[in-house]
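Student: Attaching a single structure in structure tokens format; questions to follow.
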Amino acid sequence: MYVKIFLNYILGYLNIEIEGYFVEKFINTCIAKNIFLWNIKRTKSTLVNCNIGINNFRKVRKIAKNSKCRVKIKNKKGLPFIFNKYKKRKIFFFFLFILTASIISLSNFIWNIDVSGNVNISKEEIVRSLEQEGLKIGKFKGKINAKQIISKMRLERNDLAWIGIELKGTNAIVKIVEADKKPDIINEEDYCNIVSTKPRSYCKGKCFKWYSPSKRR
């Protein structure tokens, strides 16, 4: 039933008024001939309102004549009548279509890069690195390989411990975790000066006297 109503909405349907003393005969004849009527409402003993598809209206007029009833169109509904109503506004619908298509098209591109988690590294530096790997403003989302960009960023930058990229709408959400700075490595073979933090009087046992390499002869 709902499928038939939907199809009639697409093709167009009529809201009609049937008036006469043999309204029941009219409805029973329509059912017998597989003419689909819906939303049937009796307003008076001799008056009934209902909906019918455009294609069946001619058949209904013949049945009404044989049933000694009168049929009157009250409203015309459905997509064909809606389009006909606004056919003088073709330019408006044309620009509306262009606008809708443009919005849908632009939503497939990246228009903002949001970086979070950075403390010592500036956002501009992260964005420049992302642009070098292919993630930049105006880039088509279908051509962005987030996993590949993440792998390259982690290989090329030692100051990143972790990076994640999420494409959400027209935004590229980039979250990073900065790596801890490595301490300076001291070569044990290099000469150095060792200064005791305690006076000599605190030394117990053997005390050694160290000399700077510059004082050796």
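Student: Do you know which residues across segment 125-140 are part of a helix (DSSP H, G or I) and within 17 Å of residue 109 (Cα to Cα)?
Tutor: Of the residues in segment 125-140, the ones part of a helix (DSSP H, G or I) are 125-132.
Hits for segment 125-140 are 127, 130, 131.
Student: Further, regarding this structure: Which ones in segment 53-75 are buried (at least 20 other Cβ atoms within 10 Å of the Cβ) and under 20 Å from residue 85 (Cα atoms)?
Tutor: 53
Student: On to the next question. Quick check on my filter: what residues within segment 109-129 are closer than 18 Å to residue 177 by Cβ, open to solvent by 60 Å² or more (accessible area, probe 1.4 Å) and over 23 Å from the mean Cα position of the chain (by Cα)?
Tutor: Once the filter is applied, which keeps residues that are closer than 18 Å to residue 177 by Cβ, open to solvent by 60 Å² or more (accessible area, probe 1.4 Å) and over 23 Å from the mean Cα position of the chain (by Cα), segment 109-129 yields 119, 120, 123, 125.
Student: When only residues in segment 49-69 that are hydrophobic (A, V, I, L, M, F, W, C) and under 41 Å from the mean Cα position of the chain (by Cα) count, which is nearest to residue 33 (Cα to Cα)?
Tutor: Selected residue: 52.
Student: State yes or no: is residue 116 at pLDDT below 85 and among the small types (Gly, Ala, Ser)? Talk me through it step by step, then tell me what you get.
Tutor: Numbers: at pLDDT below 85: no; among the small types (Gly, Ala, Ser): yes.
No, not satisfied.
Okay, residues lined up against (1) open to solvent by less than 50 Å² (accessible area, probe 1.4 Å); (2) of a type in the set (A, V, I, L, M); (3) in contact with a Cys (Cβ under 9 Å, 6 or more places away or on another chain); (4) in contact (Cβ under 8 Å) with a residue 24 or more places away in the chain:
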{"site": "107", "(1), (2), (3), (4)": "yes, no, no, yes"}
{"site": "131", "(1), (2), (3), (4)": "no, no, no, no"}
{"site": "139", "(1), (2), (3), (4)": "no, no, no, yes"}
{"site": "142", "(1), (2), (3), (4)": "no, no, no, yes"}
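Student: Would you mind telling me which numbered condition in (1) in contact with a Lys or Arg (Cβ under 9 Å, 6 or more places away or on another chain); (2) on the phi < 0 side of the Ramachandran plot; (3) not hydrophobic (A, V, I, L, M, F, W, C) residue 44 fails?
Tutor: All conditions pass for residue 44, except number (1).
Student: Which of the residues that make up segment 40-70 are farther than 17 Å from residue 12 by Cβ, touching a residue at least 40 places away in the same chain (Cβ under 8 Å) and in contact with a strand residue (DSSP E or B) (Cβ under 7 Å, 6 or more places away or on another chain)?
Tutor: Listed by number, the residues that qualify are 64, 69, 70.
Student: May I pose another question? Mind listing whichever residues of segment 21-40 are outside any helix (DSSP H, G or I) and more than 24 Å from residue 80 (Cα to Cα)?
Tutor: Within segment 21-40, 21, 22, 33 qualify.
Student: Could you tell me which residue of segment 148-174 is nearest to residue 121 (Cα to Cα), considering only residues that are assigned to a strand (DSSP E or B) and open to solvent by 100 Å² or more (accessible area, probe 1.4 Å)? Please lay out each step first, then the result.
Tutor: So in segment 148-174, the residues assigned to a strand (DSSP E or B) come out as 160-168, 171-174.
Still in the running and open to solvent by 100 Å² or more (accessible area, probe 1.4 Å): 162, 168.
Working: 162: 13, 168: 24 Å.
Applying the filter and picking the extreme gives 162.
Student: Another question, if that's okay. Taking the options 113, 18, name whichever one is assigned to a strand (DSSP E or B), touching a helix residue (DSSP H, G or I) at 6+ places or on another chain (Cβ under 7 Å) and closer than 30 Å to residue 140 by Cα.
Tutor: Numbers: 18 fails: closer than 30 Å to residue 140 by Cα.
Only one candidate qualifies: 113.
The values are calculated or read from the model by the stated rules, or taken from the named source; none is laboratory data. Given the structure is predicted, the values throughout are model-derived calculations rather than measurements. Counting neighbours? That spans all protein chains shown, and the Cβs are built from the backbone with ideal geometry, glycine included. We work out accessible area using only protein heavy atoms, side chains counted, and drop any ligands, DNA or RNA first. Shrake-Rupley method; radii C 1.70, N 1.55, O 1.52, S 1.80 Å.
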